[in-house]
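The next block holds one structure in the form of structure tokens; read it before the comments.
The values are calculated or read from the model by the stated rules, or taken from the named source; none is laboratory data. Because the structure is predicted, anything quoted here is derived from the model rather than measured. Every residue, glycine among them, receives a Cβ derived from its backbone with ideal geometry; neighbour counts consider all protein chains shown. SASA here: full protein model, heavy atoms, side chains in, ligands and nucleic acids out. Shrake-Rupley method; radii C 1.70, N 1.55, O 1.52, S 1.80 Å.
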Amino acid sequence: MQQPLPRVEIRTSPHIRSAPSVDEIMRHVVYALIPICAYAVYAFGLSTLVLIITVLLACLATERFFNWMADKPSTLRDYSATITGLLLALTLPPGLPLWMGAVAGFIAIALGKVLFGGLGCNVFNPALVGRAFIQAAFPVAMTTWTPPFLAARFAEFVPSSLALPFMEPAPLGPWAQSAVVDAWSGATPLALQKFEQVGTNTMDLVAGMTAGSAGETSGVLILICGAYLALRRMMDWRLPAGMLLGAFLTAGAFYLVDADKYPDPVFTLFSGGLMLGAVFMASDMVASPVTPSGIWLYAGLMGFLTVIIRIFGGVPEGVMYAILLGNAASPLIEAVTQPRIYGARKPRRKP
Amino acid sequence: MKVFRFRGGVHPESHKTPSATKAIEDLPLPERLYVPLQQHIGAPAKPEVAIGQRVYKGQLLAHSQGMISAPVHAPSSGTIVDIGEFTAPHPSGLWVRTITLETDGKNRCGKNRWHESAKPTDPFKMAQQEVAARIGAAGIVGMGGATFPAAVKLALGKERRIHTLIINGGECEPYLTCDDRLMRERAHQAVDGIRIMLHVLQADQALIAIEDNKPAAIASMRAARRRHANLHVVVVPSRYPMGSEKQMIQSVTGIEVPAGQRSADIGVIVHNVGTVYAVHRAIRLGRPLLSRVVTVGGGAVREPKNLEVPLGTLVEDLLEFCGGYSEPPARLLMGGPMMGQVLPHSRVPIVKGSNGVIALSTAEIRSRPAMPCIRCGRCVAACPCGLMPVEMAPRIRNGDLDSAMEYGLGDCISCGSCSYVCPSNIPLVQYFNYGKGMLADRREAQRKTEATRRLAQERRNRLEREARARAKAAAQRKAEKATDEAREKNSPEVSV
């Protein structure tokens, strides 16, 4: 009996898929970043708005440029470059010259992502690569802070923002002194604590009334946005939880040893970039281990390193380097925490 | 009873309600049945009938050949019209040797009701081996979809002591409800089948494992086992792949089957609930495996149902009986959506392992193009075998099979949990099946090379042996000749 040759359509099982897809995950991360950007603009004004837009456009343009160079279709629609741009902008000082922001955006995508092979291949968090680069290139501008909630923040730019490309901005001191009623120390709560042993009101820290990078000041808002992602199962909650726990325990141990010299653990959690870093950068899936036990180890290590760098390092903030070091340790952690195969007596050993 | 947890797993939406509420119905006898000779793992059966021959219902159409094989019987009475090629229920759409039977609609049985060799008797008065032989002769295979000949599995009990028989009523695949309905409606028959199997295996106890999303089946099986103290119902959580043999053993006993061993090595044998029901029918009624319960479901089917279907019925007949498609199906499957196979079209026969015919709608399959892996690790968390799909897939793609083996490719059960959760929609199971296929090819090639080398070596040895023998013979002849000549010289000449 002759049968006509059927049209073969090969599809392997499974034939159903669970939510969410990569672009859904990325899109939701962007949604979660929007309130934080909005608060940054609200606290620091016009300069921050333009800085965020500049960095974002630099990232998107760089990504598109390399797509064009490689003769590949645009990858902008996976939202990954958008996330890098927004995150990078949120880690920069609000009054950073815009041209430096653009350089950071270019470096983040070009060196942090495209160089390694694009989405899914980057070893380090691209946004932090961009930030580390300009931290080394422009140390002064990267540690020049502006006071939040200035009266004229929506009417005028911070003077340093509009510095011409390849020009150092003029020092901000005189402008800041004239703009604020009280004396302006020009330091973040972390620097105040580290160099001058001056504490900051915890409520101010939690709510985000202090100076700092554009998007890192409001701990509670970051937590809410992170909780949204975790509840929608768009983010592995263990990564931020592990990093915060690691930092809390390490800081707690130091605090128990000498409460006068070392900051208390709650201050540690809500000061500087720890909250932003833990919720949005440590949770970057690409650079973190894939093994369940490795995730805890990795996250805890980053929290531990943050506190160690803050206490013993030359700079007041250690989140960026802690995460980059964690990224670098990730393949090693993954290799030693591989799950045990069903039926095998011992966990496998990497050759 | 204590239940243990297996690693990983996923929770797909069950989609069982549409068909779970429907009692098993008999499908009207189709005009033609297409009975493939290979409906099981192992060697295909060998035809015993000729074209034009009239056959009774239950008559042997093809007998098993080889150690691992199963016979095939006539699902109904009628005339053999063809023994040839017909599309197999396989994605390739390739042909398989098939006996085509034109039914006469009378369902007539032979003189002895079914086939002569299988008269109903009391199994508990029979020797275990004889019962096992009858189960084999009835053509019973693993009805959960694995289609391993049941008698071969029962014979494992002869070599090793089996303490526990696990009855797999997990049915963890979404949409499928045939086992659920079987346990609800035919619990007593299933329990009888379990007791027969216990007798064959001489096992101490049987554990009937049912997922907790089937309360009616649990209640019905509990009621049916009440008078038998060595039968227990174990309620296991609904988690895919609960119905996988290794995961089920771990859930019920807490023991992992050690790497490289079979479940029988730790004294456990697992059989599907559909298989024990078939055993009951074969031994108590003398009826070989002629039909099975099939779930017809999926979002593209107008009226999902559970049907008792004669083997060899075309899938299109089942779909027609269920009101046809409510919308054009995006994919037609045999088996469940997690491990089932795509059918090339609906003109393929139902075979012994077909537990479901599922027509999925476009919305249900959520087909998306594959994206780059973002190393989210969801596949590692979901793998019930403790493997790292994220590391295995790229190695297989690069042809590095040895490295993939180090990551445990050989332990993959192709359950599809990893692909199910992958946000990048990467066809991981496809990579693993391909990798396993390549490994099998490589083993086969190695086996062939070794066989060739062995044969060549043997030939060399033989030639050497022969040469030596020839040389020896030649030397002997020479010696003999020399002595003869010497004798001739020495002997006095006889003149005539």
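Descriptive notes on the structure:
A quick yes/no check of all residues on (1) in contact (Cβ under 8 Å) with a residue 60 or more places away in the chain; (2) open to solvent by less than 40 Å² (accessible area, probe 1.4 Å); (3) in contact with a strand residue (DSSP E or B) (Cβ under 8 Å, 6 or more places away or on another chain):
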| position | (1), (2), (3) |
| --- | --- |
| A:256 | no, no, no |
| A:268 | no, yes, no |
| A:271 | yes, yes, no |
| A:289 | no, yes, no |
| A:294 | no, yes, no |
| A:300 | no, yes, no |
| A:329 | no, yes, no |
| A:338 | no, yes, no |
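- Filtered residues of segment A:150-170 (kept if touching a helix residue (DSSP H, G or I) at 6+ places or on another chain (Cβ under 6 Å), open to solvent by 40 Å² or more (accessible area, probe 1.4 Å) and more than 12 Å from residue A:95 (Cα to Cα)): A:154, A:165
- All helices (runs of 4 or more DSSP H) inside segment A:232-351 with 2 or more residues being within 14 Å of chain B (Cβ to nearest Cβ): A:238-257, A:292-312, A:319-336
- If you filter segment B:382-420 down to residues that are facing chain A (nearest Cβ under 9 Å) and acidic (Asp, Glu), you find that the one that is nearest to residue B:7 (Cα to Cα) is B:411.
- Qualifying residue in segment B:446-460 (condition: in contact with an Asp or Glu (Cβ under 8 Å, 6 or more places away or on another chain) and open to solvent by less than 100 Å² (accessible area, probe 1.4 Å)): no
- Among the residues of this structure, residue A:139 does not count as one that is surrounded by 18 or more Cβ atoms within 10 Å (Cβ to Cβ), assigned to a loop (DSSP other than H, G, I, E, B) and outside the structural domain of residue A:191 (by TED's automatic domain parsing).
- Those residues of segment B:382-400 which are without any contact (Cβ under 8 Å) to a residue 40 or more places away in the chain, surrounded by 24 or more Cβ atoms within 10 Å (Cβ to Cβ) and part of a loop (DSSP other than H, G, I, E, B), in sequence order: B:387
- Residue that is farthest from residue B:178 (Cα to Cα) [pool: residues in segment B:333-350 that are open to solvent by 20 Å² or more (accessible area, probe 1.4 Å) and out of contact with any Gly (no Cβ under 8 Å at 6 or more places or on another chain)]: B:347
- Qualifying residues in segment B:363-381 (those that are surrounded by 23 or more Cβ atoms within 10 Å (Cβ to Cβ) and in a helix (DSSP H, G or I)) - the one nearest to the other protein chains (Cβ to nearest Cβ): B:380
- One residue from B:130, B:171, B:211 being without any contact (Cβ under 8 Å) to a residue 60 or more places away in the chain and in contact with an Asp or Glu (Cβ under 8 Å, 6 or more places away or on another chain): B:211
- Pairs are defined by a Cβ separation below 6 Å, a sequence spacing of at least 6 or placement on different chains, a first member in segment A:2-27 that is within 22 Å of residue B:336 (Cα to Cα) and part of a loop (DSSP other than H, G, I, E, B), and a second member that is at pLDDT 90 or above and open to solvent by 70 Å² or more (accessible area, probe 1.4 Å); the pairs so defined are A:12/B:430; A:13/B:339.
- Among the candidates B:210, B:218, B:166, residue that is modelled with pLDDT of 95 or more and within 20 Å of the chain's Cα centre (by Cα): B:166
- Number of residues in segment A:13-70 that are polar (S, T, N, Q) and more than 14 Å from chain B (Cβ to nearest Cβ): the value is 4.
- Residue selected from segment A:86-122 under the condition without any contact (Cβ under 8 Å) to a residue 40 or more places away in the chain and not β-branched (Val, Ile, Thr), by the criterion farthest from the other protein chains (Cβ to nearest Cβ): A:111
- Counting residues in segment B:313-329 that are within 12 Å of chain A (Cβ to nearest Cβ) and closer than 21 Å to residue A:11 by Cβ gives one or more.
- Elements of type strands (runs of 3 or more DSSP E) contained in segment B:1-106, each with 3 or more residues being open to solvent by less than 70 Å² (accessible area, probe 1.4 Å) and free of Cβ contacts under 8 Å to residues at least 60 places away in the same chain: B:60-63, B:78-87
- Filter pass, residue B:264 being assigned to a helix (DSSP H, G or I), under 22 Å from residue B:155 (Cβ atoms) and open to solvent by less than 20 Å² (accessible area, probe 1.4 Å): yes
- Residue, nearest to the chain's Cα centre (by Cα), within segment A:80-120, restricted to residues that are assigned to a loop (DSSP other than H, G, I, E, B) and among the small types (Gly, Ala, Ser): A:112
- Subset of segment B:136-158 (residues that are open to solvent by 30 Å² or more (accessible area, probe 1.4 Å) and farther than 21 Å from residue B:205 by Cβ): B:137, B:145, B:146, B:148, B:152
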